[in-house]
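The values are calculated or read from the model by the stated rules, or taken from the named source; none is laboratory data. Values in this document were obtained by computation on a predicted structure and should not be read as measured data. Reconstructed Cβ throughout: ideal geometry from the backbone, glycine too, with neighbour counts over all protein chains shown.
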Amino acid sequence: AKSMGRNTLCFFDPAMQSAMTANARTGSDLRSGLRRGEFLLYYQPQVDRAGVITGVEALLRWNHPERGLIPPSEFIPVAEDTGLILPLGQWALETACAQLAAWARRPETANLSIAVNVSVRQFRHPDFVDLVMACIRNSGIRPQRLKLELTESLLADRMEITIQKMGMLKALGVTLSLDDFGVGYSSLSVLKRLPLDQLKIDKAFVADVLTDPNDAAISRAIIALAQSLSLQVVAEGVETVEQRDFLTYQGCDQFQGYLFSKPLPIEQLDALLANPMAG
Ligand code: C2E
Ligand code: CA
Ligand code: CA
Ligand code: CA
């Protein structure tokens, strides 16, 4: 590289160096973490308009031996870059299906659903539909209890194959939800062609729904759009009674957020389900 002058040479920027080392460590750590079973799913309840828990969203956590509990924002990007999102995502799907099978044995929990996040890279993999089919068959669950949360970024390109694949998943009987709706771009004409069951309003809109007229308008528009397409609408990141009331008034079907519960490890979730009034 040409010299950019004394003041701009920074090959040994220590901050950059340590960021790169940390990333590399996370990358190889991830693989051994998977091998050693250090990943777990937390579950965040979703409630209906009456406040009854109808299901949960499964959210990955990494219980690292030295660094403790690591949130997905710190390892999902690395997992995507390295391709490890494929085995990690498969593990999440299998674990969620095993949990659904356990719940199916008790009448009080038999109707709960689990939503699993699917990254674009996972969805695009040629074996994804087969994987979902195998998970359903091996666990013996009713497929509609499994909800796949797909992100809007899936709609940026390769539309025809995306629609076809979503159709194949739908044919398996699973529920399809479009996550983080409103953040990216997706045209209304495209939305109409997708075999979706549900839209999720991103928490970025929910956060300011009472203070920012734009966010209120967006939330209202998403709910109206969902209703006109006969889709269910779920709001994530609901933290206050006022937010819930506003969204309820607009016609939102389901809610998820700290107002109801944080994401919980399975033992705590099962305790909450066994005695929902105690919380
Ligand atoms: P997401 O799918 O949008 O999930 C919602 C995030 O909002 C979760 O963060 C959840 O803990 C958080 N949240 C829930 N309620 C509230 C609230 O009331 N207020 C606020 N401020 N936040 C709330 P989390 O668990 O850190 O997950 C972050 C992201 O990581 C997820 O965003 C999802 O994109 C990704 N992720 C998590 N698990 C998986 C997975 O198994 N596979 C893939 N591909 N991505 C995952
Ligand atoms: Ca999600
Ligand atoms: Ca979100
Ligand atoms: Ca805003």
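Computed values, structure above
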quantity	calculated
Residues within the stretch 118-147 that are more than 18 Å from the chain's Cα centre (by Cα) and either within 16 Å of ligand 3 (Cβ to nearest atom) or of a type in the set (Ser, Thr, Tyr) (or both), tallied	1
Yes/no for residue 201 being more than 16 Å from ligand 1 (Cβ to nearest atom), of a type in the set (Val, Ile, Thr) and in contact with a Gly (Cβ under 9 Å, 6 or more places away or on another chain)	no
Within the stretch 168-279, helices (runs of 4 or more DSSP H) holding 2 or more residues that are surrounded by fewer than 13 Cβ atoms within 10 Å (Cβ to Cβ)	188-193, 213-228, 241-250, 266-274
Failed condition for residue 104, given (1) crowded, with 18+ Cβ neighbours inside 10 Å; (2) in contact with a Lys or Arg (Cβ under 9 Å, 6 or more places away or on another chain); (3) aliphatic (A, V, I, L, M)	(1)
Candidates 234, 183 - the one that is modelled with pLDDT of 95 or more, under 22 Å from residue 147 (Cα atoms), within 15 Å of ligand 3 (Cβ to nearest atom) and not aromatic (Phe, Trp, Tyr)	234
Options 213, 195; residue that is over 30 Å from residue 274 (Cβ atoms), more than 14 Å from ligand 3 (Cβ to nearest atom) and touching a Lys or Arg at 6+ places or on another chain (Cβ under 6 Å)	195
Enumeration of residues in the stretch 77-87 that are closer than 15 Å to residue 123 by Cα, hydrophobic (A, V, I, L, M, F, W, C) and part of a helix (DSSP H, G or I)	79, 85, 86
Filter result for residue 245 (among the charged types (D, E, K, R) and over 21 Å from the mean Cα position of the chain (by Cα))	yes
Test: residue in the stretch 111-122 that is within 16 Å of ligand 1 (Cβ to nearest atom), assigned to a loop (DSSP other than H, G, I, E, B) and either closer than 29 Å to residue 204 by Cα or not hydrophobic (A, V, I, L, M, F, W, C) (or both)	yes
Any hit, the stretch 102-109, residues being among the polar types (S, T, N, Q), under 13 Å from the mean Cα position of the chain (by Cα) and outside any helix (DSSP H, G or I)	no
